[in-house]
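Trainee: Pasting a structure below so you can have a look.
The values are calculated or read from the model by the stated rules, or taken from the named source; none is laboratory data. None of these values were measured; they are calculated from a predicted model. In this analysis, Cβ positions are derived from the backbone assuming ideal geometry, glycine residues included, and neighbour counts consider all displayed protein chains. Just so you know, the surface numbers come from the protein's heavy atoms only, side chains and all, with ligands and any DNA or RNA stripped out. Shrake-Rupley method; radii C 1.70, N 1.55, O 1.52, S 1.80 Å.
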Amino acid sequence: MNKLASSDPEAEAIVEFYRTVSTGALVQRADEVCRSIHGNKVWLRGLVEFSNYCSMDCQYCGIRHSNTNVERYRLSPEQIVNLTVQGYEAGLRTFVLQGGEDPWFTADRISFILDQIKTKTRGMAAVTLSLGLRPRSVFAQWKAAGADRYLMRFETSDPELHRRLRCGATLERRLEALEDLRDCGYEVGSGYLVGLPGESEETRIANALLCREKKFDMVGIGPFIPHPETPLGDAPQQPLELALRATALVRLLLPLANMPATTAAGSLDKQGREKMMAAGANVLMPNITPEDFKKNYLLYPNKICLDESGFECINCLDIRTHLVRKNIDYARGDSLSWSPEP
Ligand code: 5AD
Ligand code: FES
């Protein structure tokens, strides 16, 4: 039995349930728990993919530094602010600013963007950052400039696999940064990839238990989709079912967390996001990056919604959400687990 589970009898029982029941029964239980806490609500987050420059070289990622086939772009601070204002006017109340690890976006440039967004939306919009590792002092500066939340997946909880796939970057340092974010007062999101080569069922269980141990406010889980221009291009595609089981397991372990139905799930399976919403996910992230740019933010191949504007996607997502008897909600959707005094 896993070392984490043995000190947490409730988690142990949930894992035992996960190991023994069918996917149908697992997903149904997670769906019940999700609806009992979050109702039928699905929060919307406007996603802005502001830069595909990346100094990292993760073996799974299409925009890794070594991929010279990528047409690199970076939105200007003004473009980023204008997109969020446009999203705000369309009713969105949470924005996720995501990019590669791009040093052009210095601490001060991000602070400027945060300040502008907060001013122009009269403090009514929540801003989530997702731009990788930075020193604790920078996280503190951005929090002070108005950032509310931060997303940084730990990707895999197996330290050796982590180091191998992330070109020497350590799990330990990533978890330390997630602690820094917590200490700075952020709502903290993490998560992982499902179906990486070298991962086992025990790794997947350990991934979910790590989310519980760290009490993440948000957990993003996506199927790994091999990108042909990466060292893992020939790795096998694992079925979406693994990611659905992972979603359900984390929902049972962390009932209060906000969990997206990820675009990767929707890219692997036409109904992937609906299936995730029916397995415990309660967040959708329409991609409001302009079409000219989002086509170059390909972490994995066959990404959906490249020809639609994020605003068109909202109508489509509304229909998809109804298919699983849920309803989109435009409010900020703060995590129920988050509190300013950790
Ligand atoms: N398939 C699916 N998801 C991927 N990501 C990176 N590469 C891939 C891939 N090939 C995910 C990582 C990262 C997030 C932004 O995208 O988990 O944290
Ligand atoms: Fe983007 Fe359906 S959600 S086209």
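Trainee: Rounded to the nearest 500, what is the 222 nm mean residue ellipticity of the chain from helices alone, with -39500 (n - 2.57) per DSSP H run of 4+ residues and division by all residues?
Mentor: On the way: 14 runs with 146 residues, N = 342.
Computed ellipticity for the chain at 222 nm equals -12500 deg cm²/dmol.
Trainee: Based on DSSP, what percent of beta bridges with both residues in the range 12-147 are antiparallel, to the nearest 5?
Mentor: Numbers: 1 of 11 bridges.
Rounded to the nearest five, the antiparallel share is 10 percent.
Trainee: So, one more: Just check the range 21-107 against the gyration tensor rule for me: Cα atoms, a ≥ b ≥ c as the square roots of the eigenvalues, rounded for a/c under 1.5, and otherwise prolate or oblate depending on whether a/b exceeds b/c. Please list the in-between numbers first.
Mentor: Values: a/c = 3.70, a/b = 1.48, b/c = 2.49.
In terms of gyration-tensor shape, oblate.
Trainee: Could I get the Rg over Rh figure for the range 88-235? Both from C-alpha atoms, Rh via Kirkwood, rounded to two places.
Mentor: Working: Rg = 16.5 Å, Rh = 16.5 Å.
Across the range 88-235, the Cα-based Rg/Rh ratio is 1.00.
Trainee: So, with a 1.4 angstrom probe, what is the percent of accessible area on the chain that is carbon and sulfur?
Mentor: 52 percent
Trainee: Here is a further query. So for the range 259-321, taking the charge dipole from beta-carbon charges (+1 Lys/Arg, -1 Asp/Glu), which of Ile319, Phe293, Val283 sits furthest toward the positive end?
Mentor: About the Cα centre, the residue reaching furthest to the positive side is Val283.
Trainee: I would also like to ask the following. Under a Cβ-only charge scheme (Lys and Arg +1, Asp and Glu -1), can you give me the dipole magnitude of the range 85-242 about the Cα centre, in debye to the nearest 20? Can you show the working numbers first?
Mentor: Details: 20 positive and 23 negative charges, 131 e Å.
Using Cβ point charges on Lys, Arg, Asp and Glu, the range 85-242 gives about 640 debye.
Trainee: Okay, moving on. Using only Cα atoms, locate the centre of the range 219-294 and the centre of the range 123-163, then give the distance between them in Å, rounded to an integer.
Mentor: 19 Å
Trainee: Also, quick follow-up: Quick one: ranking Ile319, Ile113 by accessible area, 1.4 Å probe, largest first, what do you get?
Mentor: Putting Ile319, Ile113 in descending order of accessible area: Ile319, Ile113.
Trainee: Please work out how much length the chain gains when fully extended from Gln79 to Asp334, using 0.36 nm per residue of separation minus the C-alpha to C-alpha distance, in nm with one decimal. Each step should come with its number before you reach the end.
Mentor: On the way: separation 255, 0.36 × 255 = 91.80 nm, distance 2.58 nm.
In short, 89.2 nm is gained.
Trainee: Can you say what percent of the DSSP beta bridges in the chain, counting only those with both residues inside, are antiparallel? Round to 5. List each step's numbers first, then the result.
Mentor: On the way: 1 of 31 bridges.
If I count the DSSP bridges inside the chain, around 5 percent turn out antiparallel.
Trainee: Among Pro290, Pro103, Pro255, which one shows the highest mean-square fluctuation when the chain is modelled as a Gaussian network with alpha-carbon springs under 10 Å?
Mentor: Its mean-square fluctuation being the largest, the pick is Pro103.
Trainee: Find the all-direction average of the projected area of the Cα convex hull for the range 85-142, expressing the result in square nanometres with one decimal place.
Mentor: On the way: hull surface 15.8 nm².
Mean shadow area of the hull around the Cα atoms is 3.9 nm².
Trainee: How large is the charge dipole for the range 215-342, taken about the Cα centre, if only the Cβ atoms of Lys, Arg (+1) and Asp, Glu (-1) carry charge, to the nearest 20 debye?
Mentor: Numbers: 13 positive and 15 negative charges, 86 e Å.
Around 420 debye, computed over the range 215-342.
Trainee: Which one of Glu274, Glu199, Glu101 has the biggest mean-square fluctuation once the chain is modelled by GNM with Cα springs under 10 Å?
Mentor: Judging by the Gaussian network model, the answer is Glu199.
Trainee: Which of Ser157, Gly146, Phe105 sits closest to the plus end of the dipole of the range 105-165, meaning its Cα is farthest towards the positive end, when Lys and Arg get +1 and Asp and Glu get -1 on the C-beta?
Mentor: Farthest towards the positive end: Gly146.
Trainee: Let me ask something else. Could you compute how fast the range 150-208 diffuses translationally, taking Rh as the Kirkwood radius over C-alpha pairs and applying Stokes-Einstein at 10 °C with viscosity 1.306 mPa s? Give it in µm² per second.
Mentor: 134 µm²/s
Trainee: Output the pairs from Lys143/Lys294; Lys118/Lys215; Lys120/Lys214 with a Cα-Cα distance over 32 Å in this structure; if there are none, say none. Spell out each step's value before the answer.
Mentor: Details: Lys143/Lys294 27 Å; Lys118/Lys215 28 Å; Lys120/Lys214 34 Å.
Exceeds cut-off: Lys120/Lys214.
Trainee: For the pair Ser309 and Val33, how long in nm is the line joining their label points, each one 7 Å along Cα→Cβ?
Mentor: 4.0 nm
Trainee: Further question: Got the relative contact order for the range 248-342 handy, in percent, Cα pairs under 8 Å and 6 or more residues apart? The partial results should precede the final answer.
Mentor: Working: 89 pairs, mean separation 28.2, N = 95.
Relative contact order for the range 248-342 comes out at 30 percent.
Trainee: Would you mind calculating the relative contact order of the chain from Cα pairs under 8 angstrom and at least 6 residues apart, reporting the percent as a whole number? Kindly include the intermediate steps, with their values, before the conclusion.
Mentor: Working: 648 pairs, mean separation 83.1, N = 342.
The value is 24 percent.
Trainee: Of the candidates Phe139, Phe17, Phe216, which one comes out as most mobile in a Gaussian network treatment of the chain with C-alpha springs shorter than 10 Å?
Mentor: Phe17
Trainee: What is the spin-label model distance, in nm, from Thr106 to Gln237 if the labels are put 7 Å beyond Cα along the C-beta direction?
Mentor: Going by the 7 Å Cα→Cβ label model, 4.4 nm.
Trainee: Please work out the FRET efficiency for the pair Met124 and Asp318, using the Cβ-Cβ distance as r and a Förster radius of 22 Å; give the result to the nearest 0.05.
Mentor: Numbers: r = 22 Å, r/R0 = 0.99.
Efficiency, from the Cβ-Cβ distance: 0.50.
Trainee: Further, regarding this structure: Relative contact order (percent) for the range 61-154, with alpha-carbon contacts under 8 angstrom and 6 or more residues of separation?
Mentor: Values: 92 pairs, mean separation 28.1, N = 94.
The normalised contact order for the range 61-154 reaches 30 percent.
Trainee: Distance in nm between label sites at Gln271 and Ala25, each 7 Å beyond Cα in the beta-carbon direction?
Mentor: Going by the 7 Å Cα→Cβ label model, 2.3 nm.
Trainee: Top to bottom by accessible area (1.4 Å), largest first, where do Lys214, Lys275 land?
Mentor: Numbers: Lys214 50, Lys275 85 Å².
Final ranking, largest accessible area leading: Lys275, Lys214.
Trainee: Restricting everything to alpha-carbon atoms, can you work out Rg to Rh for the chain with a Kirkwood hydrodynamic radius? Please list the in-between numbers first.
Mentor: Numbers: Rg = 18.6 Å, Rh = 20.0 Å.
Using only Cα positions, Rg/Rh for the chain is 0.93.
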